[in-house]
2 protein chains.
Amino acid sequence: MARTLDELAALSGVSRATVSRVINGGPVAEDTRRRVTEVLERTKFRPNAAARTLASGRSGVAGVVMHLEPRLLFEDPYFSSLLQGVADALAEHAVGMMLWLGNRSKEETLDQILWMGLLDGVIVTAHQQDDPLVDGLLASDLPTVLIGHRRADRTASYVDVDNVEAADMVTTHLIRLGRRRVGHITGRRGTVAAEDRIAGYERAMARAGLATEGLSVEGAFDRASGAGAVDLIERGADAIFCANDASAAGALEWITGRGLSVPEDVALAGFDDLAFAAELDPPLTTVRQGVQQQGVEAAHTLFHLLRDPNAGPKRVILPTELVIRRSTAGAKQAA
Amino acid sequence: MARTLDELAALSGVSRATVSRVINGGPVAEDTRRRVTEVLERTKFRPNAAARTLASGRSGVAGVVMHLEPRLLFEDPYFSSLLQGVADALAEHAVGMMLWLGNRSKEETLDQILWMGLLDGVIVTAHQQDDPLVDGLLASDLPTVLIGHRRADRTASYVDVDNVEAADMVTTHLIRLGRRRVGHITGRRGTVAAEDRIAGYERAMARAGLATEGLSVEGAFDRASGAGAVDLIERGADAIFCANDASAAGALEWITGRGLSVPEDVALAGFDDLAFAAELDPPLTTVRQGVQQQGVEAAHTLFHLLRDPNAGPKRVILPTELVIRRSTAGAKQAA
DNA sequence: TTGTACGCGTTATCAT
DNA sequence: ATGATAACGCGTACAA
């Protein structure tokens, strides 16, 4: 079991450089390659990663940072789908994944990541508009890809969807059903997604000449936010666009709990199209945004950055799709 | 922004070795240390991880391998709790975590891990009795800690609970309630946990002189396994011990769905004491096994292995606790 | 306490 | 196509 290139070179009767070429696919004569490869496999040789990183400057390891309450990562399918997508794409290219969750403070986490060195690049979820962890990574010399967050500065690479456009689309759909008092349960204020979806909602309402006053309640992207539906209904809402599927599921519970029915009394729409959206009763109209795909794209974007280090930032906007289900069937309009 | 120890040494007016000592806590005169530290902070110097790994032989990175369907990691709180525990303990000691999930085959995953080199050690979930991935890691020279699996060979380090004892304990509890036909919904056959819990169940029944024939149905640790409760009840079961909380939750649904009530008609017990167990109606009697704690202990065990590399394997058996709730209240006995 | 000097195992640049 | 040889940046005996 040879442990170094030198030992292997001795065993194969060639120089260390040639063995290195065989391993990394350099120019080597065919029979030389065969001879070395044979020894390589016989001795189960594995090159030393540290030495290789030191000499080449590349480690084959990417960092993934999802700094949220640990609970959330597992309870909210949005984040787990994201992680699955990233993990999948990295594993496919045999790139290692170092993961940082919300176990320590953002400052400590940033410190640990930067002290780790060794990373070729990093993918970070960036949902808050201001986030010292994200700022720190962008300020470092580490190639960085953001998920879900467009920064004001135009120098960051990121993967996102057009939340304004998508929210406009679903709101417009509700309006076309004949609903006039379309309410909105927002996401957590301060996140880009929440603000942009509000903007899209208001844009669609304004274009249709409809008022939005009193038709918006603050939520936080969670099931509990659905309680806001009660307020909206008391203010006469005949349709509700929820900032995500989780809050829509909560809203559905409150609405039916009050003896009202969806979509007859209130049309309901969400955002995400997570797996459970289609299983609700009635199935939920929502915006599909391919969360897992976002994770995959983030990894690919990082690969791209690493390939041409000075190609400038890369921004990827993924498409969304309105998925119409029974929760916005046109019953009221027909009646 | 100094990039190497040499640059820093020049800036501080000392030798490179001294700077290294300041960073790693070696013996340095107090004023020298102060002077160097000042430069260290001013230049935001970060030592090169690869060089340091190459020279010292330690990387400060641990691998965590949870090779299961990606779905399961997030849907089953058992695994997410485990991961949280591990991540927490590693982050606390500023040790990096490389994660491998079930994105590729076990063979490919093993290959990627071993080729990665660079890991100081690895923690792997080992639930199947035979698992090429686990075998491969144990056969490698990588310090390895198993979670949830005692191997026949006595050379592996692991963290586990005594499943036989715990299953005996909960079964005995049901018997003491006056139940005579105690049924069992097993876990997935082939896993150590399932087999050991069966053994514990049978041991308790035998000791009480009770028959188990026809009182056992095969499950798979999931909610769907709860359907087996119907069979058991038809065969006269007046109590059911489910191999975990998930299957117990499923069983509860089937039992009440048939118009029967827990615990009056059938006493019900689970295993794990995951968060939702206390929220069921009625709250579920179960075995608490501190899953998150298992993750923490696994990390600590790895640290121990790394501290004295030739101290031999370390085995940790964590305690379990019977948590009695309303699903096994003594109604029938009292009546 | 501090400095010198060697070794860690590769990659990559030169010659040949 | 192949072989020397110089980096790569740090830890650590050993010497002073």
Task: Rounded to 5, percent antiparallel among DSSP beta bridges of chain B - done: 10 percent
TODO: Please give the average number of partner chain Cβ atoms lying within 10 Å of the Cβ of each residue in A:96-105, rounded to a whole number.
DONE: 6
Open item on the list: Report the Rg/Rh value for the range B:67-129, based on alpha-carbon coordinates and the Kirkwood definition of Rh.
Closed with: 0.96
Task: Cα-projected label distance for residue A:310 with residue B:108, points at 7 Å along beta-carbon direction, nm - done: 3.6 nm
Task: the protein assembly as shown, dipole about Cα centre (Lys/Arg Cβ +1, Asp/Glu Cβ -1), debye to the nearest 20 - done: 1140 debye
Open item on the list: Give me, ordered by chain and number, the residues 5 or more places off residue B:268 or on other chains with an amide H under 5 Å from its own placed amide H.
Closed with: B:240, B:328
TODO: Holding the Cα-Cα limit at 32 Å, pick out from A:314/B:44; A:44/B:44; A:106/A:314; A:106/B:314 the pairs that are longer than that.
DONE: A:44/B:44; A:106/B:314
- [ ] For chain A, find the longest principal axis of its Cα atoms and tell me its angle to the long axis of helix A:30-42, 0 to 90°, nearest 10.
- [x] 70 degrees
Open item on the list: Which residue fluctuates most in the GNM of chain B (Cα springs below 10 Å): B:193, B:94, B:267?
Closed with: B:94
Open item on the list: If I build a Gaussian network model for chain A, linking alpha-carbon pairs within less than 10 angstrom, which residue out of A:234, A:92, A:38 has the largest mean-square fluctuation?
Closed with: A:38
Open item on the list: Over chain B, what is the relative contact order in percent, taking alpha-carbon pairs closer than 8 angstrom and at least six residues apart?
Closed with: 16 percent
Open item on the list: Under the 0.36 nm per residue contour assumption, what length would be gained going from the current alpha-carbon distance of residue B:165 and residue B:3 to full extension?
Closed with: 52.6 nm
Open item on the list: Compute the angle between helix A:77-92 and the longest alpha-carbon principal axis of chain A, please, reported from 0 to 90 degrees and rounded to the nearest 10.
Closed with: 20 degrees
TODO: Choose one answer from B:12, B:80, B:59: the residue with the largest mean-square fluctuation in a GNM of chain B with alpha-carbon springs under 10 Å.
DONE: B:12
Task: Rg to Rh, two decimals, where the protein assembly as shown supplies the alpha carbon set and Rh follows Kirkwood - done: 1.03
Open item on the list: How much length would be gained if the chain were fully extended between residue A:71 and residue A:224, taking 0.36 nm per residue of separation minus their Cα-Cα distance, in nm to one decimal?
Closed with: 53.6 nm
Task: Rounded to whole Hz, the Karplus (6.51, -1.76, 1.60) HN-Hα couplings of the range A:199-209, x for glycine and proline - done: 4, x, 4, 5, 4, 5, 5, 4, 4, 8, x
Open item on the list: Between helix B:291-307 and chain B, what is the angle of the helix's C-alpha long axis to the longest principal axis, kept within 0 to 90° and rounded to the nearest 10?
Closed with: 40 degrees
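FYI, it's all coordinate maths here, none of it is from the lab. Computed from a predicted model, the values in this text were never measured in an experiment. Please note: Cβ atoms are built from the backbone with ideal geometry, for glycine as well, and neighbour counts cover all protein chains shown.
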